[in-house]
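The values are calculated or read from the model by the stated rules, or taken from the named source; none is laboratory data. Source: prediction; values computed, not measured. Because the Cβ atoms are built from the backbone with ideal geometry, glycine has one as well, and the counts that use them run over all protein chains shown. Just the protein is used for accessible areas: all its heavy atoms, side chains included, with ligands, DNA and RNA removed. Shrake-Rupley method; radii C 1.70, N 1.55, O 1.52, S 1.80 Å.
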Number of protein chains: 2
Amino acid sequence: MKFGGTSVADAERLKRAAKRIVEKREAGHRVVAVLSARGKETDRLIADAFEVSPSPDPREMDMLLSTGERVSCALCAMAINDLGHRAISLTGSQAGIVTDTSHTKARILDVRADRITSALDDDNIVLVAGFQGVSTAKDVTTLGRGGSDTTAVALAAAVGADVCEIYTDVAGVFSADPRIVPDARKLNVVSFDEMLEMSASGAGVLQLRSVEYARNHGVRIHCRSSFDDQPGTIVVSEEDTVENPLITAVTHSTGEARVTLLGLPDHPGIAGRVTTTLAEANVNIDMIIQNEPVTADAKADMSFTIPREDLDTAKDALAALAAEHGIEIRTDESMGKVSIVGAGMKSHPGVAAKVFTTLGEHEINIEMISTSPIRISCVVPGDKVPDAVRALHSAFELSGPDTIRPEQPFGEFA
Amino acid sequence: MKFGGTSVADAERLKRAAKRIVEKREAGHRVVAVLSARGKETDRLIADAFEVSPSPDPREMDMLLSTGERVSCALCAMAINDLGHRAISLTGSQAGIVTDTSHTKARILDVRADRITSALDDDNIVLVAGFQGVSTAKDVTTLGRGGSDTTAVALAAAVGADVCEIYTDVAGVFSADPRIVPDARKLNVVSFDEMLEMSASGAGVLQLRSVEYARNHGVRIHCRSSFDDQPGTIVVSEEDTVENPLITAVTHSTGEARVTLLGLPDHPGIAGRVTTTLAEANVNIDMIIQNEPVTADAKADMSFTIPREDLDTAKDALAALAAEHGIEIRTDESMGKVSIVGAGMKSHPGVAAKVFTTLGEHEINIEMISTSPIRISCVVPGDKVPDAVRALHSAFELSGPDTIRPEQPFGEFA
């Protein structure tokens, strides 16, 4: 069981999470629960750091931020003990989560779950501080924002859990953001591949790395609300999904920026230097387009999209290259992206055409396009994103009761 | 160097502590600094715990409270890195502080300082989270309130430090509380034994256990202000003090409660049962008086003092015994205690008489008395404590410039 920051934000919610954990134990399950830092605690600690230092040391940032989840776990253990059950809290290090030494964005190398399993054998409920581990250099590390999902999935894999339940403040994974599409449908089941594409293209409910980890280790995720007992969304491997709908969901993001480089000299390797420069500055390029020059001595143009918060970093990184070659840099901070995701798309041509037609009918300009076998993404003007989401959701008939897919035979979740 | 909670309470003070640590490093010293939790952080965490649970589990309380010092250390390390020096923060566990398993009041069993010494060898400033360790069962433990002083002294002993500097919000150890006696004198040197008696009888500046640890391991303590560069008070073994004044200081406490048991049956062991009962309830008796019965069938009375916060616990613990033997329990919550401490007292008779005469002249009733070779303590009504402190401070001529003792040859502190 994994509880996010809003689910443990105050004493009342924390006690509710404790009760929920105890109910699961009393139903006969052995329980490991991963907790995030409470409410705005991580933001508060980050603010404290920047009050002291303009560029906090990453190792020390990890030492600082890792305290938030420990507080949540200790408090929750107290609440569970009061309910007549035995609970112990463990830090990421005590839980055996071994990472590399990349502070603030460490990757899990190994999970040595002996202490967890022996505590479970002693009839304890085990609470583990999410988002953190201990590096091979024995320093405290953190896994980056949203890392508690990854902690939960990694522990589920290590102890061979039946299911990894992610409790959040939404009821599950939806066919679109319900704030934009009020009749969006809660999905009962999605495949890992679909969920990966959805997380990567803007669905905030599950962290991308945790879904990757779950797919690689075959961990069944159940994403559900911490405020009621309704089943949420099960994420499983494709062979476990009963049927593949054409389109599963429409996702979007509004945090895109476009950078256009005008007048690139036409010699080999220049595009490579641009992308290498950005990679070295830790800027992830999403989509990229290059216009070939028409004549031999002409110059080329290149456009790409990046997360808006990386725009200043990207401009700084490219400044020297641009000056050297007389390249003009233009930027547009107000771009958005709308994507449709569906495993059934693979076997149905014509989906892309329907997307383009639909957006065209709504007079939404498509600036850039990228696709995967189960996803089509279009960069559109930021202010057109809500219209685009509603148009595609309607065109692919994604609304309706959440019983379009047959119920899955998942025991307690059925 | 050890910095208390007020010395790291906000960003400005924390940066000042960082600067102070760096100055020490730049003067050519290798530095290990122990930090407390910031300002009211520990109180805040305790309040969070009691909001969740009426009786928080001690193991989880330690997991919770230990985060406060980690936050201080991480932030201070960031500030030091910004000043161009390398600093790393260590948890109590990482610093090798091994304790027993008595959660919330653990005792240090061993200090395995290898990681500290190798970090010092790598030219790091080492910051250690005070007040905490790791138990032999690999759980996080805390050393009880004021435990950061003990951490500092224990580390000073383990790494063979020249001195353990305790930075606080006062200028050192005074001949009396300056809030009560404005012309109290700052003491340049006190012996371990004197400091032990002073800490035990109300001087709040150094925690009793840390002084014990320093005496047992021969660690020289320098207690000084974190707000200026003036030398403070050196605590050393008696042979290192140049002369022993008759009286060194007057200490006091106002948090005493008196319990009187009326009508104790005169059979052997009843006093023993009273004290055993209180010990089992973790109530420390300070002074104790028993009136012998005059005739063979008469009953005895017994009075003792305890910390006021333990009064309810004591009454609950004694209730059954009192009912069984028809003992009446009377309590007085408003008692205080005034003590004079001085290593020279041993060789000078007549000190006690002067104390009693002085208090008598000021019409202050002495309710109970206890003594050690270098201390005389009197329980007096709580509202008379300030008068009693001033009267004794004046009678023993403790005021005056702080040069009454010759300056000590302590290198940088001279």
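Residues that are in contact with an Asp or Glu (Cβ under 7 Å, 6 or more places away or on another chain) and either polar (S, T, N, Q) or in a strand (DSSP E or B) (or both) were ranked within segment A:80-100; the one that is most open to solvent (accessible area, probe 1.4 Å) is A:N81. Restricting to segment A:66-81, what's the tally of residues that are facing chain B (nearest Cβ under 7 Å) and either farther than 20 Å from A:S7 by Cα or in contact (Cβ under 8 Å) with a residue 60 or more places away in the chain (or both)? The qualifying residues number 2. Can you find a residue in segment A:179-189 that is within 15 Å of the chain's Cα centre (by Cα) and within 30 Å of A:E397 (Cβ to Cβ)? Scanning segment A:179-189 turns up no residue that is within 15 Å of the chain's Cα centre (by Cα) and within 30 Å of A:E397 (Cβ to Cβ).
Based on this model, can you work out whether A:E51 counts as open to solvent by 10 Å² or more (accessible area, probe 1.4 Å) and without any contact (Cβ under 8 Å) to a residue 12 or more places away in the chain? The answer is yes for A:E51. Identify the residue in segment B:22-41 that is more than 12 Å from chain A (Cβ to nearest Cβ) and part of a helix (DSSP H, G or I) and, among all such residues, is farthest from B:T104 (Cα to Cα). Among them, the one singled out is B:E26. The set of residues from segment A:97-126 being touching a residue at least 60 places away in the same chain (Cβ under 8 Å) and touching a helix residue (DSSP H, G or I) at 6+ places or on another chain (Cβ under 7 Å) comprises A:I108, A:I116, A:I125, A:V126. Residues that are part of a loop (DSSP other than H, G, I, E, B) and either open to solvent by 70 Å² or more (accessible area, probe 1.4 Å) or among the basic types (K, R) (or both) are absent from segment B:254-265 altogether.
For segment A:1-21, a residue qualifies if it is under 24 Å from the mean Cα position of the chain (by Cα) and part of a loop (DSSP other than H, G, I, E, B), and the qualifying residues are A:M1, A:G4, A:A9. Starting from residues that are open to solvent by 20 Å² or more (accessible area, probe 1.4 Å) and not basic (K, R), keep the ones in segment B:25-41 and report whichever is modelled with the lowest pLDDT. Within segment B:25-41, the match that is modelled with the lowest pLDDT is B:G39. Within segment B:171-202, the set of residues being farther than 18 Å from B:V338 by Cβ, open to solvent by 30 Å² or more (accessible area, probe 1.4 Å) and part of a loop (DSSP other than H, G, I, E, B) comprises B:A171 only. What residue, among those in segment B:203-228 that are of a type in the set (D, E, K, R) and touching an Asp or Glu at 6+ places or on another chain (Cβ under 9 Å), is most open to solvent (accessible area, probe 1.4 Å)? Selected residue: B:R215. Residues in segment B:314-371 that are farther than 20 Å from B:N291 by Cα and of a type in the set (D, E): B:D316, B:E324, B:E333, B:E361, B:E363.
If I filter segment A:346-368 for residues that are closer than 24 Å to A:G272 by Cα and within 24 Å of the chain's Cα centre (by Cα), do I get at least one hit? Yes, because at least one residue in segment A:346-368 is closer than 24 Å to A:G272 by Cα and within 24 Å of the chain's Cα centre (by Cα). For B:M63, the test of being within 13 Å of another protein chain (Cβ to nearest Cβ), without any contact (Cβ under 8 Å) to a residue 24 or more places away in the chain and outside any loop (DSSP other than H, G, I, E, B) is failed. Based on what the data block shows, is B:L45 open to solvent by less than 60 Å² (accessible area, probe 1.4 Å), at the interface with another protein chain (Cβ under 8 Å from one of its Cβ atoms), at pLDDT 95 or above and in contact with a Gly (Cβ under 7 Å, 6 or more places away or on another chain)? Spelling it out, B:L45 is indeed open to solvent by less than 60 Å² (accessible area, probe 1.4 Å), at the interface with another protein chain (Cβ under 8 Å from one of its Cβ atoms), at pLDDT 95 or above and in contact with a Gly (Cβ under 7 Å, 6 or more places away or on another chain). Name the residues in segment A:129-169 that are under 30 Å from B:S118 (Cα atoms) and among the β-branched types (V, I, T), would you? Residues satisfying the conditions are A:V134, A:T136, A:V140, A:T141, A:T142.
One residue alone among B:T117, B:T104 is in a loop (DSSP other than H, G, I, E, B), away from chain A (no Cβ under 12 Å), among the hydroxyl-bearing types (S, T, Y) and open to solvent by 10 Å² or more (accessible area, probe 1.4 Å), and that residue is B:T104. Kindly indicate whether any position in segment A:152-170 is within 14 Å of chain B (Cβ to nearest Cβ), closer than 23 Å to A:T104 by Cα and either open to solvent by less than 20 Å² (accessible area, probe 1.4 Å) or not in a loop (DSSP other than H, G, I, E, B) (or both). No, segment A:152-170 contains no residue that is within 14 Å of chain B (Cβ to nearest Cβ), closer than 23 Å to A:T104 by Cα and either open to solvent by less than 20 Å² (accessible area, probe 1.4 Å) or not in a loop (DSSP other than H, G, I, E, B) (or both).
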